[in-house]
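Undergrad: Provided herewith is a single structure, encoded as structure tokens, for subsequent inquiry.
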């Protein structure tokens, strides 16, 4: 870092009066005086910084070749700095007149979570108005969704759709070439195809695409909206810890975004997770027991849903770079209080990790990038067969759709946890704890069903085996399972019935593998 | 001087921009003193969300006249007339 010293000649820019500044020039152009320091001691001037920032975005997309020309991509805008910056980069990328301009068709989604964060209707309206200004100014088709809509989602959200084939490397080049040729044929003076389509879409799109709740506008639907808001508040009220609330919020938000993407024909979703946020997420997920799904949770592309792929193009930008860019180049953002705004330091695991990481970063500026680079090395392994049920493909968690990581093998950490949980339970059932419990998935809490007479315990015991370890912790902190949205409960019911049915006919099934030689 | 804040305005009565005239005092005003002054006079609640010890909380960026304060000497920068200081929070939750 540079220390302040006395006058340095020749460092001033035309409009500014001379100020005390570091003797170092911009490290790229070596001419202008720097305005910010990135990473460790890399000083950039404004113009070079802008170039660097814009280039990084395009390089990220180009390197991963995840987005095909003409594809419909949904941008998830939260109003925060990273996603707003992402929107600006997409706008810039699409507007270039050169051959290298970005070629996909963007749409935007904004999810209003005000009900969960304790905002009044008036406050939510105001935030929505601000957001709409930004959305309309972008010129892209947009969708406003309210988190209350999760209660109307179909249970197909929780089912993994067939994966559209990605295609080998050279097909990307072919696709690009084909697209350019097609464009040249159709053009001849008129606006290019994607832009024309966008204009058409904007013309026919209604202002608020909120299936189910136009809640804040029309009086008839207002009632439904109020009911849903009440349900949502009740759901989050029944979650005991802030950590679980955050996790649940993320899960529901992702489902809603996925639903909109599927309904409107988007094959990709862009999330604005920055490097800093992903580093925090990585460590947080480790603490939450989600280590098995780190690669999809923090990687560039996340294909757990099959047909819709989530990409994270902002993952190499640190929060500082984004904040500076937004400030220097006037990117509009809307500040909305989140679940943990003004919460105490240790209120949730997310906060603790964030504080830890930021504090460390202040002393050791390469902390965040080190965590990030380590995370980059993670990759998804091909799914293994699940030995417990003998299924050919791995089971997926009901809520987060990651591969289930809860096979209790001898000596595994999970087994140790279950054993100690069982031993530390105060009321041990009279019946022997060994042997399978009355739940189909039976790896879970053995004494639980016999423990209390409350139906809640039964429901929970049936529910938990369908979840990965991390989601189990979230649900364990939820006191009232009934307040979960219908699609979750009905999908859980469906899977439970299927598992029970499979168990019944197990001995009549022909097995492919020689795992159980005794079976016929 | 002006002190716009982004996202942290919840701690400052919801006011984003503050135009402030600092009282005269024998020692010259530097950022360190400015922070102390802000804590005493402008911060309405939860000082620990903005200030940590002598300096700002990690995660809060400080821009002096649209330039990184790291280039200006951080806490030791001597404030001048009409200086523009911006605090940007990169944290979640305030």
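Just so it is clear, none of the values below were taken in a lab; they were calculated from the coordinates. Every value quoted in this text rests on a predicted model; they were computed, and no experiment measured them. Please note: Cβ atoms are built from the backbone with ideal geometry, for glycine as well, and neighbour counts cover all protein chains shown.
Undergrad: If I take R0 = 51 Å and measure r between the Cβ atoms of residue A:42 and residue A:307 in this structure, what FRET efficiency does the formula 1/(1 + (r/R0)^6) give, to the nearest 0.05?
TA: Between residue A:42 and residue A:307 the formula returns 0.80.
Undergrad: Treat each spin label as a single point 7 Å out from the Cα along the C-beta direction, and report the residue A:123 to residue B:32 distance in nm.
TA: Each label point lies 7 Å from its Cα, and together they span 3.8 nm.
Undergrad: Another question about this same structure. I need the shape label for segment A:230-302. Rule: rounded when a/c is under 1.5, else prolate if a/b > b/c, else oblate, with a, b, c from the alpha carbon gyration tensor.
TA: Oblate is the answer for segment A:230-302, as a/c is 1.5 or above yet b/c matches or exceeds a/b.
Undergrad: Would you mind calculating the gained length between residue A:91 and residue A:413 on full extension (0.36 nm times residue separation, minus the Cα-Cα distance), in nm to one decimal?
TA: Length gained, residue A:91 through residue A:413: 111.2 nm.
Undergrad: Among A:148, A:491, A:132, A:31, what is the fewest-to-most ranking by other Cβ atoms within 10 Å?
TA: Details: A:148 28, A:491 19, A:132 16, A:31 10.
Lowest to highest Cβ neighbour count: A:31, A:132, A:491, A:148.
Undergrad: Please give, to one decimal in nm, the separation of the simple spin-label points placed at residue A:240 and residue A:479, each 7 Å out from Cα toward the Cβ.
TA: 0.9 nm
Undergrad: Taking every residue in A:353-364, how many Cβ atoms of other protein chains lie within 10 Å of its Cβ, on average? All intermediate terms of the calculation are to be shown ahead of the outcome.
TA: Values: counts 0, 5, 5, 1, 2, 6, 4, 1, 2, 6, 1, 0.
So the per-residue partner count for this stretch is 3.
Undergrad: Compute the FRET efficiency between residue A:486 and residue A:373 as 1/(1 + (r/R0)^6), taking r as their Cβ-Cβ distance and R0 = 41 Å, and round to the nearest 0.05.
TA: On the way: r = 42 Å, r/R0 = 1.03.
Calculated transfer efficiency: 0.45.
Undergrad: On full extension of the chain, what length is gained from residue A:136 through residue A:502, given 0.36 nm per residue of separation minus the C-alpha to C-alpha distance?
TA: 126.6 nm
Undergrad: Rounded to the nearest 0.05, what FRET efficiency do residue A:27 and residue A:360 have when you use their Cβ-Cβ distance and R0 = 30 Å?
TA: Values: r = 25 Å, r/R0 = 0.83.
The pair residue A:27/residue A:360 has a calculated efficiency of 0.75.
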